[in-house]
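This report refers to the structure that appears directly beneath it.
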Amino acid sequence: MIVMTSVEFDAYSLVMIYSALVVYAIAFIAFAIDLSGRSMVTADAAAEASAGESRSGRTAAEGSTTNVGVVERADVSTRSAIKFARVGISLTALAWVLHIGSIVLRGVADGHVPWSNMYEFSMVGTAVMAGVFLALNFKLDLKFLGTFVTGLVVLLLGVATVNFYVSVVPLPVALQSPWLVIHVAVATLGTGFFAIGAGLSVAQLLSMSHQHKPEGTGFLTRLPSAERLESLAYRVIVIGFVLWTFTLIAGAIWAEHAWGRYWGWDTKEVWTFIIWTLFAGYIHARATRGWRGSRSAWLAIVGFAAVLFNFSMVNLFFAGWHSYSGL
């Protein structure tokens, strides 16, 4: 019977993570082609309509035939765009399976849950982002976010794999606690929802910029309305906020068990609270102060930027009790 070592498990994990990166990148291309196809549909339809209005001396029958041709071509292009969107979703699902497989193998190599350093947290965090995106697509049509999500995953996971990778090492004493499973798992899940909320907010701003133009072509004409996107972003961010609230509370309880105090103004603790405050302000202002439109969208984007800053800059450049980057 062949028994693999932790080094071999980790090697296979790396193979799977690089494979997932390749498939995510191809999915990104498929989603980009989908957006390009949507743009061509609306651009061609607008050009044909404009040309039809400028023609003179045509009979009503000829105009009708022309319009039918435009509709048929648009319908074919739309079907083609939808096909690439489905390909993108399928590839994202395949990449996600490979991604999860790499996390499981890393966990087996570690002998504990695989989120004890920046590399492992990056693996899990990006998997959660992709997983939340796929799960929401069962109920909502969010394929237009495919380029944002897969592009973000490729960027973050690629940087982490190249720059943050560390070999399997024993778990630090302070992390040898059941709270490692609970606290970090909920934090990564909240991050996934914040990422989707930020993507919807970006789409909302793009949709609003299109609505202010008298005429427009391109994929923006096929986005849901800015009001619909804002509503979706709000619902997703509320879920993320509930998870982040639990993260903050669980972190304080864990800190008391590990260091004998609930709060010590550590940099990581402060930034976790700043993120909570930003999203609490987003929810409160939108619900009671009538913050709608671009202001709420920008606040959601700033909140997610703070999440990324907390994970990257704080871990790399600020010393503190939470210095577990492994680098």
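At-a-glance table
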read-out: Rg followed by Dmax, in Å, when segment 90-223 is reduced to its Cα trace; value: 17.7, 62
read-out: Whole-number Å³ per residue for the convex hull built on Cα positions in segment 255-313; value: 82 Å³
read-out: Unit charges on C-beta of K, R, D, E only; dipole of segment 226-270, Debye; value: 80 debye
read-out: Rounded FRET efficiency, nearest 0.05, which uses the C-beta distance separating LEU140 from MET313 and R0 of 25 Å; value: 0.15
read-out: Positive minus negative residues near HIS183 (Lys, Arg vs Asp, Glu; Cβ under 13 Å); value: -1
read-out: Packing rank of 162-175, 9-22, where each peptide gets the mean count of other beta carbons within 10 Å, highest leading; value: 9-22, 162-175
read-out: Net length gained if the chain between TYR18 and SER177 were fully extended (0.36 nm per residue, minus Cα distance); value: 54.2 nm
read-out: Relative contact order of segment 233-303, defined on C-alpha pairs under 8 angstrom at six or more residues apart (%); value: 28 percent
read-out: Solvent-accessible area, 1.4 Å probe, carbon plus sulfur percent, for segment 150-192; value: 76 percent
read-out: FRET efficiency, VAL97 to ILE253 (Cβ-Cβ, R0 30 Å, nearest 0.05); value: 0.30
read-out: Volume in Å³ per residue [convex hull over Cα atoms, computed for segment 145-192]; value: 89 Å³
read-out: Rh by Kirkwood over Cα pairs, then Stokes-Einstein D for segment 159-300 at 1.567 mPa s and 4 °C, µm²/s; value: 74 µm²/s
read-out: P(r) tail fraction, segment 96-154 - alpha-carbon pairs more than 16 Å apart, %; value: 46 percent
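The values are calculated or read from the model by the stated rules, or taken from the named source; none is laboratory data. Everything numeric in this text was worked out from a predicted model, so none of it was measured. Positions of Cβ are backbone-derived with ideal geometry, glycine not excepted, and every protein chain shown enters the neighbour counts. Keep in mind that these areas ignore ligands, DNA and RNA; they rest on the heavy atoms of the full protein, side chains included. Shrake-Rupley method; radii C 1.70, N 1.55, O 1.52, S 1.80 Å.
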